[in-house]
1. I'm checking my understanding of the structure. Among residues of the stretch 178-200 that are charged (D, E, K, R) and modelled with pLDDT under 95, which one is surrounded by the most Cβ atoms within 10 Å (Cβ to Cβ)?
2. From Thr76, Thr57, grab the single residue that is crowded, with 19+ Cβ neighbours inside 10 Å and among the hydroxyl-bearing types (Ser, Thr, Tyr).
3. Quick check on the stretch 121-144: of everything there that is among the polar types (S, T, N, Q) and farther than 18 Å from Gly169 by Cα, which residue is surrounded by the most Cβ atoms within 10 Å (Cβ to Cβ)?
4. Take the residues of the stretch 97-114 that are surrounded by 14 or more Cβ atoms within 10 Å (Cβ to Cβ) and over 21 Å from the mean Cα position of the chain (by Cα): which is nearest to Ser155 (Cα to Cα)?
5. Inside the stretch 165-198, can you point out the residues that are aliphatic (A, V, I, L, M), in a strand (DSSP E or B) and free of Cβ contacts under 8 Å to residues at least 40 places away in the same chain?
6. Go through the stretch 9-28 residue by residue and tally those that are buried (at least 20 other Cβ atoms within 10 Å of the Cβ) and either within 16 Å of Arg63 (Cα to Cα) or not hydroxyl-bearing (Ser, Thr, Tyr) (or both).
7. Does Val134 qualify as being under 24 Å from Asp204 (Cα atoms), of a type in the set (Val, Ile, Thr) and in a strand (DSSP E or B)?
Amino acid sequence: MRVSVFYNSGKKSQQVATKLIKKLVDCAFEIDDKNPDIVISIGGDGTLLSAFHKFSTQLNQVRFVGVHTGHLGFYTDWRDYEIDDLVESLKHDTGQQISYPLLDVGVQYVGERDQKHYLALNESTLKRVSATMVTDVYIRDELFESFRGDGLCVSTPTGSTAYNKSIGGAVLHPRLEAIQLTEIASLNNRVFRTLGSPVVIAPDEWIDIKPDQTAQDYIMTIDQFMPRQKPIERIRYRIADQRIAFARYRHMHFWNRVEDAFIGEKQGS
């Protein structure tokens with residue numbers, strides 16, 4: 001089995017990575033950062049997002065494992081002190097995995113013939129910081145609303161607990177085949193109206209965002225990354241054909257993970 005160990009610049013993550021690589025080599029695993037079968041991310045959810053984007057063109061052959069060295073993450077099943085147990089699980093790997101949907105972001109830039117495609121694990125946003133963003137929102141090629149506000153966020157089910165939740169979006173179970181559109185500080189008054197609540201899109205539907213062409217100071221993000229900003233004619237969001245696979249040797253119930261991350265210990269009555 002070929003394994004890549006991907007870690008952040010934190011001292012603890014580097015120490016754990018050094019320890020893990022030594023144990024993997026001792027157990028005859030091949031360390032391969034170009035064509036791995038397993039990518040082990042050490043750090044937190046942000047580190048795993050970076051690992052995902054590094055290997056996004058190899059999703060048909062790569063499974064991911066997350067080791068967290070800080071707070072509990074939604075993509076990290078193992079703690080830094082469980083390295084021995086992780087290596088033992090890898091030794092008995094039978095290909096077990098669980099996969100989740102991704103977001104396909106198709107951007108039509110002004111003056112360019114072909115669309116540029118990006119993959120997002122969590123979400124993609126379009127914002128305008130210096131003034132109100134004005135854009136038409138289409139669902140399955142039909143005009144849904146004309147949006148005015150700070151921006152829009154389209155998230156995956158696994159990304160629903162990230163930025164989406166902080167702006168009032170719903171938490172979706174990661175097994176759902178859906179994407180979610182959430183408004184960022186929409187402008188609602190007697191003149192301008194939007195739905196004002198998150199919208200969950202079915203698997204056979206798509207969302208088009210067509211920003212006002214008189215302004216081009218838009219900022220688009222793909223997860224924590226910001227592609228080079230160019231004038232945007234249209235962005236199409238849909239569920240991607242590709243999926244992300246996690247090598248799942250043990251499983252924490254999703255709602256237990258949500259409770260632990262956002263609610264904490266239950267208080268007795």
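The values are calculated or read from the model by the stated rules, or taken from the named source; none is laboratory data. Just so you know, these numbers come straight off a predicted model, no measurement behind them. Cβ coordinates were reconstructed from backbone atoms using ideal geometry, including for glycine residues, and neighbour counts include every protein chain displayed.
1. The initial filter retains those residues of the stretch 178-200 that are charged (D, E, K, R), namely 183, 190, 193.
Still in the list and also modelled with pLDDT under 95: 190, 193.
Numbers: Arg190: 5, Arg193: 13.
Among residues in the stretch 178-200 that are charged (D, E, K, R) and modelled with pLDDT under 95, the one surrounded by the most Cβ atoms within 10 Å (Cβ to Cβ) is Arg193.
2. Values: Thr57 fails: crowded, with 19+ Cβ neighbours inside 10 Å.
Among Thr76, Thr57, only Thr76 is crowded, with 19+ Cβ neighbours inside 10 Å and among the hydroxyl-bearing types (Ser, Thr, Tyr).
3. Let us first name the residues in the stretch 121-144 that are among the polar types (S, T, N, Q), namely 122, 124-125, 130, 132, 135.
Add one more test, that the residue is farther than 18 Å from Gly169 by Cα, and what stays is 130, 132, 135.
Details: Ser130: 8, Thr132: 16, Thr135: 23.
Per the stated criteria, the residue is Thr135.
4. So, considering only residues that are surrounded by 14 or more Cβ atoms within 10 Å (Cβ to Cβ) and over 21 Å from the mean Cα position of the chain (by Cα), the one nearest to Ser155 (Cα to Cα) is Gln108.
5. Of all residues in the stretch 165-198, those aliphatic (A, V, I, L, M) come to 167, 170-172, 176, 178-179, 181, 184-185, 187, 191, 195.
Of the ones still in play, those that are also in a strand (DSSP E or B) are 179, 181, 184-185.
Scanning the stretch 165-198 gives a single hit, Ala185.
6. In the first step, residues of the stretch 9-28 are kept if they are buried (at least 20 other Cβ atoms within 10 Å of the Cβ); the result is 13, 16-17, 20, 24.
Applying the additional criterion that residues be either within 16 Å of Arg63 (Cα to Cα) or not hydroxyl-bearing (Ser, Thr, Tyr) (or both) yields 16-17, 20, 24.
Count: 4.
7. Working: under 24 Å from Asp204 (Cα atoms): no; of a type in the set (Val, Ile, Thr): yes; in a strand (DSSP E or B): yes.
In short, no.
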